[in-house]
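The next block holds one structure in the form of structure tokens; read it before the comments.
The values are calculated or read from the model by the stated rules, or taken from the named source; none is laboratory data. In this text the structure is predicted, and so the values were computed from the model without any measurement. As a convention, Cβ positions derive from the backbone with ideal geometry for all residues, glycine included, and neighbour counts pool all protein chains shown.
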Amino acid sequence: MMNSGLASENWNGGGSPYAVGHKKLGMWLFLVSDSLTFGSLLISCMYARTASSNWPTPFPMWPSIAFASLMTFCLLTSSLTMAFAVAASKRGDRAAAVKFILLTILGGVAFLVLHAREWLHLIDEGVRPWSNPWGSPLFGASFFGLTGLHMFHVFSGVVYLGVIALGTRNGKRSHEDVEVCGLYWHFVDLVWMFIFPLIYLMSVSPK
Amino acid sequence: MSSHASTSHSTGHAAPQGFIRKYVFSTDHKVIGIQYIFLGLFSAILGTALSMMMRLRLAWPGSQFPLLEHIFPTGFPGGVMSPEFYLAVLTIHGTIMVFFLLTTVPLSGFGNYILPIQIGARDMAFPVLNMLSYWTTVVALMVLMASMFVEGGAPISGWTAYPPLSALGKIAGPGLGAGQTLWIASIAIFCLASLLTALNFITTTLNMRAAGMSLMRMPLTVWAWFTASTVALLAFPVLLGGGILLLLDRLAGTSFFLASGMVVSGKVMTNSGGSPILWQHLFWFFGHPEVYIIILPGMGITSHIISTFSRKPIFAYKAMVAAIFAIGFIGFIVWGHHMFASGMSPLVGMVFSVLTLTVGVPSAIKVFNWLATLWGGHIRCTASMLYALGFVSFFVTGGVTGLLLAQPAIDVYFHDTYFVVAHFHIIMGLAAVFSIFAALHFWFPKMFGRYMSETLGKVHFWITITGVYSIFIPMHFLGMAGAPRRYAQFTEFAYLSKLQPLTIHISWAAFVVGAAQLILLFNIFRSMRWGKRAPDNAWEATTLEWVIPSPPPHDNFGDMEPVVYRGPYEFSVPGAKADFILQTEQEVEGGE
């Protein structure tokens, strides 16, 4: 093969220019695409916020922000365990990889449960997609729309992780599969790192 | 470093057995390509039939058509098409043509069939995903067609689905209940299918090129499909996001696109806080790049065919590649020119205007390079070549009016008139359709092992190009006179009544063009069975698809491991045996 390690020659055909398999490249491209889906929703919500004179800021530091921070902690920790899972699978230590993937799933499920509680709590307080007690009805619409789409991604991620954990245990999934799944999981995490400040921190009540 | 390379190259799989796996749920990119082309053919027939109905209504507003009343009892009460039904027909015509013909055939259809072969791959990077994308597209089309048969019928909000009309639900008018919801669902499904196809194309192009197929040896068709896929990957998710919000507005009671204080059908709406302009931003951030998703493959196909039939290398290959990229990139920063009349700061309008005019630079580079390729060539005037030249013609005539519309001061007058209708039908509709015709005649011998009839092709070409110019050139004058789009009849306006003969002329021309398409259909189906047999290299061309048998075997290259030694357009090389050298030919004139 015409491969002497020079960057330009990697592009001459007969190989992968980024030295990655199809799955990994495909996942990166999907994430680029998905980031634009989230981007369009985030920008829409910020557009609505900027255009409204009565955008509510209802979240007190305690308990709302503290609670959301706990959710963030769960999700971030699950990213850490995912990184351990990828490292373990790279070493070929399948048992450890499965263990860390299961811990990642645990973090994801904890996030989902806490988030469901958060939804119920806000619904109790009277927040609806079409109205809320504090101001612009688009506050509720943005909150449920954005976090809903994100929760859907976390949920899909948990299922995906489950499939990969099973496959890794059976030896049917390669290291690349674990790594590609990790990419997705970190992305879902990253999206939350945009949602958390834009939805929560920017809506901290001034008191 | 090459360990990945070797694994990524051995994706060949055994040929499937049985009818279902071979022709229906096939993972073979060639079968999927042909499936997309037939899906597009079906959509084209449906979309054209709908446009014929609109032309009937516009030319003879009061006339009765009992036969059509028989078919659409609610749409033609008393044999006269209702204005609401006209709008429903217009919406479905636009949606079907833009998404299921123009987006689908040049990119997913021909791209699927030809791209893997031209880069020397045995299939796409994700064959199963490819099959799923196709069938997801079919589902999208079926959901769209279902919208015509639900209570209230098809939506009346046009292919752009502007809110508040599209966001309010049944209360806003016929077709805006279940019909509009299905429309949005269909488009969301289509978005998913398209971005997965795009992802597949990009991965295939980057990872699966044969040895020696460096980027600058790729045919311009591959560059065009690759760039169009990149644009699709970045544009469709934004429409998907917008579609999600629009669905929430309709189904969950949110008001993303609905402002306060609306009175609809005598009822005060409770929505508040949103903005219909937001939808326009999201839609056109997708919608403008969409135009380039449609036209870029056409440019690639045209370059490829003009070079082949001029028997000359394409003029300024590198500039052509750069122009493709420039058009794809600039396409993302000009969406505001669709919104000059929506209310916009003059400064922002000015910026969008200048950026839009900038598209003229790479476009002109392409046109001049096509002309320079023709200059001094040994031109073979095949039907395929004629269609490619037709593409260049439409690209110029449609592009020039684009320069007018790109200027806010002029656009405020032309906006929503027939001038715009004429502009985008020529540049986006006809140019892309002619590239489809060109590609069909060019690659038909590869797909089916038989030529299409040249005589029928030429007859079809001349009738169609004369006919469509007779349709769309007068439309510019209608637009300049102020005839508005999306009106079922003009006869109510004194200032337009004198122009009714022009409208009637357009309708007759449209009927002739519509009828002429039967020649094409006849040519396709006749040539499949009885066309002249074609050799492997049907046009004495140079790229990899002409190295392999026609039609190609399941794994394209069989026992051969394709290796590429030269650029894609080596025609009329001095000293060479023939006036073309295949990309796989190692022997250089004069030896090593």
Would you check if residue B:395 is part of a helix (DSSP H, G or I), touching a helix residue (DSSP H, G or I) at 6+ places or on another chain (Cβ under 7 Å) and modelled with pLDDT of 95 or more?
yes
For the range B:28-69, name all the residues that are charged (D, E, K, R), in a helix (DSSP H, G or I) and closer than 21 Å to residue B:443 by Cα.
B:30
Can you find a residue in the range B:266-278 that is modelled with pLDDT of 95 or more and crowded, with 24+ Cβ neighbours inside 10 Å?
no
Selected residue (criterion: surrounded by the most Cβ atoms within 10 Å (Cβ to Cβ)) from residues of the range B:239-260 that are more than 29 Å from residue B:293 (Cβ to Cβ) and more than 7 Å from chain A (Cβ to nearest Cβ):
B:258
Residue B:236, sole failed condition from (1) of a type in the set (A, V, I, L, M, F, W, C); (2) more than 23 Å from residue B:164 (Cα to Cα); (3) surrounded by 23 or more Cβ atoms within 10 Å (Cβ to Cβ); (4) within 12 Å of chain A (Cβ to nearest Cβ):
(2)
Taking the criterion of being facing chain B (nearest Cβ under 8 Å), surrounded by fewer than 21 Cβ atoms within 10 Å (Cβ to Cβ) and modelled with pLDDT under 95, would at least one residue in the range A:25-38 satisfy it?
no
Can you tell me how many residues within the range B:211-229 are crowded, with 23+ Cβ neighbours inside 10 Å and at the interface with chain A (Cβ under 7 Å from one of its Cβ atoms)?
1
List the pairs whose first member sits in the range B:189-211 and is on the phi < 0 side of the Ramachandran plot and part of a strand (DSSP E or B), whose second member is crowded, with 23+ Cβ neighbours inside 10 Å and of a type in the set (A, V, I, L, M), and whose Cβ atoms are under 9 Å apart, counting only residues at least 6 apart or on separate chains?
B:211/B:564
Restricting to the range B:470-483, name every residue that is crowded, with 16+ Cβ neighbours inside 10 Å and over 18 Å from residue B:52 (Cβ atoms).
B:476, B:478, B:479, B:481, B:482, B:483
Top-ranked residue in the range A:126-141 [being in contact (Cβ under 8 Å) with a residue 24 or more places away in the chain and surrounded by fewer than 21 Cβ atoms within 10 Å (Cβ to Cβ); ranked as nearest to the chain's Cα centre (by Cα)]:
A:132
Considering each of B:299, B:344 in turn, give the residue that is modelled with pLDDT of 95 or more and either within 26 Å of residue B:404 (Cβ to Cβ) or crowded, with 23+ Cβ neighbours inside 10 Å (or both).
B:299
Going by the structure shown, is residue A:18 free of Cβ contacts under 8 Å to residues at least 12 places away in the same chain and over 30 Å from residue B:213 (Cα atoms)?
no
Within the range B:507-517, is there a residue that is polar (S, T, N, Q) and either under 21 Å from residue B:402 (Cα atoms) or at pLDDT 95 or above (or both)?
yes
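Every residue, every condition in (1) of a type outside the set (Val, Ile, Thr); (2) modelled with pLDDT of 95 or more; (3) within 30 Å of residue A:13 (Cβ to Cβ); (4) buried (at least 21 other Cβ atoms within 10 Å of the Cβ), yes or no:
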residue: B:110; (1), (2), (3), (4): yes, yes, yes, yes
residue: B:126; (1), (2), (3), (4): yes, yes, yes, yes
residue: B:130; (1), (2), (3), (4): yes, yes, yes, yes
residue: B:150; (1), (2), (3), (4): no, no, no, no
residue: B:183; (1), (2), (3), (4): yes, yes, no, yes
Could you grab me the full set of residues in the range B:268-323 that are more than 14 Å from every other protein chain (Cβ to nearest Cβ) and of a type in the set (Val, Ile, Thr)?
B:268, B:291, B:294, B:295, B:301, B:302, B:305, B:306, B:308, B:314
Does the range A:123-139 include one or more residues that are among the aliphatic types (A, V, I, L, M) and more than 10 Å from chain B (Cβ to nearest Cβ)?
yes
Looking at this structure, is residue B:164 in contact with an Asp or Glu (Cβ under 8 Å, 6 or more places away or on another chain), away from chain A (no Cβ under 14 Å), farther than 22 Å from residue B:289 by Cβ and not in a helix (DSSP H, G or I)?
no
Going through the range A:45-75 in order, the residues found to be touching a residue at least 12 places away in the same chain (Cβ under 8 Å), in a helix (DSSP H, G or I) and either in contact with a strand residue (DSSP E or B) (Cβ under 9 Å, 6 or more places away or on another chain) or facing chain B (nearest Cβ under 10 Å) (or both) are A:45, A:48, A:49, A:61, A:64, A:65, A:68
